[in-house]
Structure formats: structure tokens, C-alpha cells
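Following: one structure in C-alpha cells, then a few remarks.
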Amino acid sequence: MPAPSQISIATSSLNRLVKEVGSYHKESSQQQARIAKLESGDIGEHEEDNAEFVLKQEKRALEETKAMFPQLKTKIEDGQSRLQTQLDSSSEATPEEVTKAKEALDGASTILNEAA
């Protein structure tokens, strides 16, 4: 099996970053739901004793999750730039690689537009 091309590597990297953003969004919404539940007092008896501590921990975890978004945005922008450069300079790319790369670029653009 031949080694993956630079375009394939850059495409995979960008797709991974886009999936990572989706995972962090999902994690953020789950944390917000847990915080809302704790703030409303809708907790079990065994959790009542440490509810303040758990709430504090959940809020800290949410802030840490939110702190990842600017870093990921920068990484996605770098990945887009790298992939676009690969596309522009590569004459050896197969049509399938070019299609996948363009789809990855579109997906990254969508993520960045949502973040703006």
C-alpha cells in the first residue's frame, strides 16, 4: 500500500479537528444541562451533601471546555491554509483526493462561520 499523500494527510487532519469541535460542543451542552440540573436542586439524596462542590466542579469543567474553542479555531484556520496550499501546489492529486479535500475545506468553513 502506498504512503498517503500530503493532501490526504492534511485532509484527515482537518477532518479530525472539525470532529473535535463537534465533540467539545456536545460536551459543553451536556455540562450546561448538568449545571442547570444542579442549580434547580433536582438532585438525588446522596448528592445533596456535596452539591455545592459538584456544581463548582461542573462550572470549572465547562469553562475549561469553552477555553478550547479559540485554540481549535486557530488550529482549523491553520489546517485550512495548509490544505489549500497543498491543493494549489499539487498536480499529482487524484480527483478523489481533491474532492475529499474540498469537502474538508467546506466543513471547516462552516465550523468557523458558526463560531463567528
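Here, each number is a calculation from the coordinates, and none is a lab measurement. None of these values were measured; they are calculated from a predicted model. Every residue, glycine among them, receives a Cβ derived from its backbone with ideal geometry; neighbour counts consider all protein chains shown.
Quick notes on this structure:
- C-alpha long axis of helix 95-115 to longest principal axis of the chain, angle in °: 30 degrees
- The chain, dipole about Cα centre (Lys/Arg Cβ +1, Asp/Glu Cβ -1), debye to the nearest 20: 380 debye
- Segment 23-101 and segment 1-16 have Cα centres lying 23 Å from one another.
- Normalising by residue count, segment 14-116 has a Cα convex hull of 103 Å³ per residue.
- Projected label distance in nm at Ser29 and Ser91, using a 7 Å step from Cα toward the beta-carbon: 4.7 nm
- Of all lysines in the structure, the ones whose alpha carbon falls short of 28 Å from that of Lys59, not counting any fewer than 8 places away in one chain, are Lys19, Lys26, Lys37, Lys73, Lys75.
- FRET efficiency for Lys75 and Asn50, using Cβ-Cβ distance with R0 set to 30 Å, rounded to 0.05: 0.25
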